[in-house]
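Visitor: Input: one structure, supplied below.
The values are calculated or read from the model by the stated rules, or taken from the named source; none is laboratory data. Being a predicted model, the structure only gives us computed values, none of them experimental. Ideal geometry is used to build each Cβ from the backbone, glycine not excepted, and the neighbour counts take in all protein chains shown.
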2 protein chains.
Amino acid sequence: MTDTRDHTVDLFHRGRFHLVQPAARGHRAGIDAMVLAAAAPADFAGRVADFGAGAGAAGLAVLSRCPRATALLVERSPEMADFARKTLALPQNAALAKRANVLEADVTLTGQKRIDAGLPDRSADFVIMNPPFNTAHHRPSPESLRKQAHVMEEGLFESWLRSASAVAAPTGSVALIARPRSLPEILSGLEGRFGGAEILPLHPSSDLAAIRIVVRAKRGSHAGLRLCPPLILHEGPANRFTQRADAISNGRASLFGD
Amino acid sequence: MTDTRDHTVDLFHRGRFHLVQPAARGHRAGIDAMVLAAAAPADFAGRVADFGAGAGAAGLAVLSRCPRATALLVERSPEMADFARKTLALPQNAALAKRANVLEADVTLTGQKRIDAGLPDRSADFVIMNPPFNTAHHRPSPESLRKQAHVMEEGLFESWLRSASAVAAPTGSVALIARPRSLPEILSGLEGRFGGAEILPLHPSSDLAAIRIVVRAKRGSHAGLRLCPPLILHEGPANRFTQRADAISNGRASLFGD
């Protein structure tokens, strides 16, 4: 499969996996998904549920780095779920695809409806989420696909984290990537569900405010919140990736150093 | 006044002001108070209320850097308030002392009781607080003075921020220094009272988790939360202060660069 007017085939982790993505419309995966996937510890060997998986970038990036992990790619949009299925069907992804499944489902469903949709209780060891985090009045986009991926709904983190808590195993973890401004809503969504939160800020350069945060937390943990050393993305006059940002975005290092 | 068995006279901001502090018992001011004071913008020219002032370290550090500011040092403990009064009486502090007053009062008082205690509504342009942030089961200390300064009570940030919101002018600000684990309680205490929160983490070195956060926020602001570039305290094999940490702790730079 090659690029067409409708889709592109993009290479990640220096070619260790590929994604079939909408060419212009829709959400295209980038550094956010790679950094989120790097929140999994290097020795992670369980089942990851990728909430809002899109074409599968973050979930496949976990599989690419953690050879014993399996992934469930959960995507609500039929078009994006189709891209995820096309991604798994790529011959280049044959090895990884054996450890991955696509589930077309809305992660905000609750109770029996969620279970019936294919998201049973305690079925994942690690839930990762890259939720649509731009508010409705922020950078609106006419394309419906992109809108679905980028427009944040009221109470999004609350509903996504509620499902993550139900789907996570008793010692399971959650990790998400979001804008710093969402931190109050995220901490409130974690409360009573996940503990031992670790916040890792992403700064475009060492002198600028964070543009993203990765938050990781564990079910049943009573550890206090930690603020980890930040990830600086670029440095120098040419604004190149820092060594650490390059290693993390290419699946050669874990974000939290574990 | 010189050091005795009961107190010491300590030099801050490279000698620009001094503190009379309990020699062994009680809370002794250090880097936390200096960093908190650095949250005031360089051109700050209003009235600062220092909640839980102790011997006056943070409040006087604001006055030392901001020549047009005035300070109200609010301290509940009669013994520590006495140290603050002795501090203002030092000949070395004569110039600064003209712009400072000590108020022996409990900042957790509410409504008319707070007003009667000397903390009227809208009376401060900037409230700074270095609250007792070690939980009761954490590093308990037999000395009652130290206990008062270090033992955190349930809902401390809620009650301190409630008073800060009442005491702050309509466009006033608040700044506090705390442990990262208190962030959820701090954000919840700011909600509906202060907006535009800026979080600045303090890391002992670039590869270690933050040990403190400074949070600054503004009444009436609708700006989203920002996560600022961190302050790294030490570097190098000798673990010396970084240039920025040295400048900030000695009153030669503001923490948020404004």
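Visitor: B:Arg68 - would you say it is out of contact with any helix residue (DSSP H, G or I) (no Cβ under 7 Å at 6 or more places or on another chain), more than 19 Å from B:Gly118 (Cβ to Cβ) and at pLDDT 95 or above?
Guide: Judged against the criteria, B:Arg68 is a match.
Visitor: Right, A:Pro22: free of Cβ contacts under 8 Å to residues at least 12 places away in the same chain and closer than 30 Å to A:Ile232 by Cα or not?
Guide: no
Visitor: Do we have any residue at all in segment A:196-212 that's hydroxyl-bearing (Ser, Thr, Tyr) and under 17 Å from the mean Cα position of the chain (by Cα)?
Guide: no
Visitor: Among the strands (runs of 3 or more DSSP E) lying completely within segment B:1-83, list those that include at least 3 residues that are crowded, with 20+ Cβ neighbours inside 10 Å and in contact with a Ser or Thr (Cβ under 8 Å, 6 or more places away or on another chain). First the steps, then the outcome.
Guide: Details: elements: B:7-12, B:17-22, B:47-51, B:70-75.
In segment B:1-83, the matching strands (runs of 3 or more DSSP E) lie at B:17-22, B:47-51.
Residue-by-condition table, conditions (1) of a type outside the set (Phe, Trp, Tyr); (2) within 15 Å of B:Arg179 (Cβ to Cβ); (3) modelled with pLDDT of 95 or more:
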site: B:Pro201; (1), (2), (3): yes, yes, yes
site: B:Pro204; (1), (2), (3): yes, yes, yes
site: B:Leu208; (1), (2), (3): yes, yes, yes
site: B:Val214; (1), (2), (3): yes, yes, yes
site: B:Gly220; (1), (2), (3): yes, no, no
site: B:Arg226; (1), (2), (3): yes, no, yes
site: B:His234; (1), (2), (3): yes, no, yes
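Visitor: How many of the residues in segment B:168-205 are in contact with a helix residue (DSSP H, G or I) (Cβ under 8 Å, 6 or more places away or on another chain) and within 13 Å of B:Ile128 (Cα to Cα)?
Guide: Total satisfying the criteria: 5.
Visitor: Still on this structure: Output the residues belonging to segment B:241-258 that are assigned to a loop (DSSP other than H, G, I, E, B) and of a type outside the set (Lys, Arg).
Guide: Result: B:Thr242, B:Asn250, B:Gly251, B:Ala253, B:Ser254, B:Leu255, B:Phe256, B:Gly257, B:Asp258.
Visitor: Within segment B:245-258, does at least one residue satisfy the condition of being within 20 Å of A:Ile232 (Cβ to Cβ) and among the aromatic types (Phe, Trp, Tyr)?
Guide: Yes - at least one qualifying residue is present in segment B:245-258.
Visitor: Which condition breaks for A:His138 when tested against (1) in a loop (DSSP other than H, G, I, E, B); (2) over 25 Å from B:Phe256 (Cβ atoms); (3) modelled with pLDDT under 95?
Guide: Every condition holds for A:His138 apart from (2).
Visitor: Still on this structure, I have one more. Which condition number in (1) under 25 Å from A:Pro184 (Cα atoms); (2) modelled with pLDDT of 95 or more is the one that B:Glu153 fails?
Guide: (2)
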